[in-house]
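Written below as structure tokens is the structure these notes are about.
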Amino acid sequence: MTSAYLIWLLFIAVYDFRQRRVPNWLVLAGALLALVALAHGAAPIEQEWTAALLGAGLGFGVLLLFYASGVMGAGDVKFAGALGLWIGSSALLPVWLLASLLASLHAVLWLVLGRWPLFPRLSLALFGPPAGGNPPPKRVRFIPYAAYLALAAAVWMVWGRQSG
């Protein structure tokens, strides 16, 4: 199931980087796969049901506060809940910290490129096309946080558990 988990993370990351959103079907597929893995004792991270459910609740609940304040998309919140099923409550903090560091670097790069647009292709890849003459959307989402959560979870899965 480790392969399925890593493939799911890859799909989340690619989709969020490209579309700046995380579709419900992809979040639900990952959550269902995590439940099946837990039921069969084949989860990539050995944990009890209580740790997995607590991880899902914490992942969803904590990021829901950020969604309510308008700084995060709903897909990020739902993905964090599904991710919590896979990694449990004990891994959430290191994954959140690494994802937040990556998202912060993304934000700094966005600010730098916005003031010094020397690399228009890089700016386009990171932040999408400029609004042009269209009215700006209500909520512009420049930072694909679910993608950074997925990358951080994959890094933790491959390297972080070995040192713990």
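Every number in this text was worked out from the coordinates using simple rules, so none of it is lab data. Here the structure is a predicted model, which means the values were calculated and not measured. Virtual Cβ from ideal backbone geometry, glycine too; neighbours counted across all protein chains shown.
What the pair-distance distribution of the range 20-107 shows, using all Cα-Cα distances binned every 10 Å from zero, is 19, 48, 28, 5, 0 percent. Taking other C-beta atoms within 10 angstrom as a stand-in for reagent exposure, L9, L113, L105 fall in the order L105, L113, L9, fewest first. Taking other C-beta atoms within 10 Å as the exposure proxy, Y67, Y5 rank Y67, Y5 from fewest upward.
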